[in-house]
Every structure is written in C-alpha cells, then in structure tokens.
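**Student:** Take a look at this one; I'll ask things after.
Every read-out reported here was derived from the displayed coordinates using simple, explicitly stated rules and does not represent laboratory data. These figures come from a predicted structure and were not determined experimentally. Neighbour counts run over all protein chains shown; Cβ positions are idealised from the backbone, glycine included.
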Amino acid sequence: MGKSAKTGWKWSYYEALIHWQNNQPELAKSLFNSCGTEPDFVPFYLAKAELFKDDSEIVRISLEAAYRLDSLFWRTGLRLTQFYGKEKELDKALTVASQNYKSHPKSFIIGLQYAQMLKLNGRYADALGTLSHLEMLPAEGDVNAHSLFRETNILYAFEQMKTGNWEKAVLSLQKAETWPENLFSGEPYFPDNRVTQFLAAYCYEKLKDKSQADKSFAYLKSYKNPDGWTSPLGNLLTKLAVEGEMNYKTITEALLKESANDRDKDLLTEFLTFL
C-alpha cells in the first residue's frame, strides 16, 4: 500500500496549521518543510509564505509555486505582485499585476495594485488612465487610492517639467488637488494643497506669470485648517512664505531638512533635482 493518510502531506499540513494557531510556529514550520514540494494545493503555499514571512527566499519560492499552480486566482497574483514590489523587482511586479488585472478587470483591489505598479515603473499616464476606470468601494487594501492618484499626478507633472511643458505640468498639479468620486475619497473641508501650490508657483515662474505665482504664494501664507491636523511640512512651508522667502531651492532644502517622515519627502527630493 502507498503512503498512508497519516504520513501524507495533507496530514502534516493540517497539523502544522493547528500548531501555528496554538502559537507554536517552529513546530508548524518544521511540518511545512517536511511536505517538500509534493503539495499541489495553492492555499498550502500561500500559508507557507505567510508563516515564513521573515525569510524572503522561502516566501519567493512559495508564492511562485502558488502562482504556477493557479495564475488566474486573483489572490496568488496579488500576493506575488506585493512580494516583487517589496523586493524592488518592479518589472516582474508589473508583469504579474498586468496579467492579474487582465484576468480580473472589474476588481478595484487588483486595478489599484496595477496602477501602483505602473506608477512605480514610471508609467504615470497609464497609471492615471487605470485609476480613472476604477470604481472604488470601501475595502481593505495596502494602497490608498487618493494618495496614489495625487502622487502620480505630481510625478507626471515632474515628467512634464523635465521637458519644459510647464502648462501641462500645471494641469497635472491642479488634477492632483482634486478628489475623484470614483476613487471613493471624500474631499475634506480644508484640503491641504500647499505642496502642489508651491510646485505650481515654480511652473508659473517659468511661464513668466507672476500674478499666478503670487496667488499660489498667497495660498501658502493664508492656509489654515481650524478643524484638525495639518502637516508639519506644510506648516513650515507656510512659515517660510510668510517670512518672505521666495527662493525655491532654499525653501525645498529647508523642507527636506525638517520632513523626515512626511508623505511628500520623496517628491520634494525629486523636485530639488530641477532647481
């Protein structure tokens, strides 16, 4: 008689789950490893990737095995894309995310991840096009839809700045300040657009439109949010504007010095390369 039920991989797998549930991860890991590559069950490899989440090589092998078994299952594509993105293997992440989106075009979770991978690969226009077709609902996810929309528009504006398309850059910055209904993000009463207004002022200066540049700086000086939290970076931007500082490089360097964990630090670092 062949391998008994007790010694088969399924028995070890279920036993491992019990040990894992009872806070015995080392026993669970040993049992998972004892199964080798025999399992042909996607949840086995997804579970193994989670159990061994601190070992990137085991996570890679497990998620790639799950994907080979069923590349059309949305969760395998989602998890493998997340892994490749975390490992900075952005071309692989985009390939898997693209296939997953083609297989599940109505899933806003997958569409959002695909847009994120497009952005990380520098395909800003494509990312914005994907976001425009999504219909978001409240749901769990590791990507904030509006933050992605805002950041992608700013990066697209930078792309236009590099080629001197200042008008298009301004348009992208204006779009970054909007709150599309399809992304299910309600506009706050006092949205903080100080960074985008600062970047727009620079574009207006390049367009020799002093009046519009002054309006942007007036926004920086007058912005207040009596209803709640404001960003330290934005507050410093207002302070510098009120003090009369108008040099974009000086302002940007001061912001970067004081904005260790701000959401716009990487964007301002990129902006500094233009100055």
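**Student:** I'm told Glu167 meets every condition in (1) buried (at least 16 other Cβ atoms within 10 Å of the Cβ); (2) part of a helix (DSSP H, G or I) except one. Can you identify the failing condition by its number?
**Tutor:** Status for Glu167: all satisfied but (1).
**Student:** Of everything in segment 177-227, what is acidic (Asp, Glu) and either within 30 Å of Glu135 (Cα to Cα) or not in a loop (DSSP other than H, G, I, E, B) (or both)? Give them in sequence order.
**Tutor:** Step one: of segment 177-227, the residues acidic (Asp, Glu) are 177, 181, 187, 192, 205, 209, 214, 227.
If the condition is that a residue be acidic (Asp, Glu) and either within 30 Å of Glu135 (Cα to Cα) or not in a loop (DSSP other than H, G, I, E, B) (or both), then Glu177, Glu181, Glu187, Asp192, Glu205, Asp214, Asp227 are the ones that fit.
**Student:** Then there's this: Out of (1) in a helix (DSSP H, G or I); (2) over 25 Å from Leu94 (Cα atoms); (3) within 20 Å of the chain's Cα centre (by Cα), what's the single condition that is false for Ser172?
**Tutor:** (2)
**Student:** Based on this model, can you work out whether Ala157 counts as buried (at least 19 other Cβ atoms within 10 Å of the Cβ), more than 16 Å from the chain's Cα centre (by Cα) and in a helix (DSSP H, G or I)?
**Tutor:** Working: buried (at least 19 other Cβ atoms within 10 Å of the Cβ): yes; more than 16 Å from the chain's Cα centre (by Cα): yes; in a helix (DSSP H, G or I): yes.
Yes; evaluated as a whole, the condition is true for this residue.
**Student:** Now for a separate question. Going residue by residue through segment 182-198, is there one that turns out to be among the basic types (Lys, Arg) and surrounded by fewer than 20 Cβ atoms within 10 Å (Cβ to Cβ)?
**Tutor:** Step one: of segment 182-198, the residues among the basic types (Lys, Arg) are 194.
Restricting the remaining residues to those that are surrounded by fewer than 20 Cβ atoms within 10 Å (Cβ to Cβ) gives none.
No, segment 182-198 contains no residue that is among the basic types (Lys, Arg) and surrounded by fewer than 20 Cβ atoms within 10 Å (Cβ to Cβ).
**Student:** So which helices (runs of 4 or more DSSP H) are wholly in segment 48-151 and hold at least 1 residues that are among the polar types (S, T, N, Q), touching a Pro at 6+ places or on another chain (Cβ under 8 Å) and surrounded by 22 or more Cβ atoms within 10 Å (Cβ to Cβ)? Break it down into steps so the answer makes sense when it comes.
**Tutor:** Numbers: elements: 56-69, 74-86, 90-103, 108-120, 124-132.
Hits in segment 48-151: none.
**Student:** With respect to Ala176, determine if the residue is closer than 22 Å to Leu120 by Cα and either touching a residue at least 24 places away in the same chain (Cβ under 8 Å) or buried (at least 17 other Cβ atoms within 10 Å of the Cβ) (or both).
**Tutor:** On the way: closer than 22 Å to Leu120 by Cα: yes; either touching a residue at least 24 places away in the same chain (Cβ under 8 Å) or buried (at least 17 other Cβ atoms within 10 Å of the Cβ) (or both): yes.
Yes, satisfied.
**Student:** Just wondering, is there one or more residues in segment 253-263 that are basic (Lys, Arg) and more than 21 Å from Gln174 (Cα to Cα)? Please lay out each step first, then the result.
**Tutor:** Residues of segment 253-263 that are basic (Lys, Arg), as a first pass: 257, 263.
So of that shortlist, the ones also more than 21 Å from Gln174 (Cα to Cα) come out as 257.
Checking segment 253-263: at least one residue is basic (Lys, Arg) and more than 21 Å from Gln174 (Cα to Cα).
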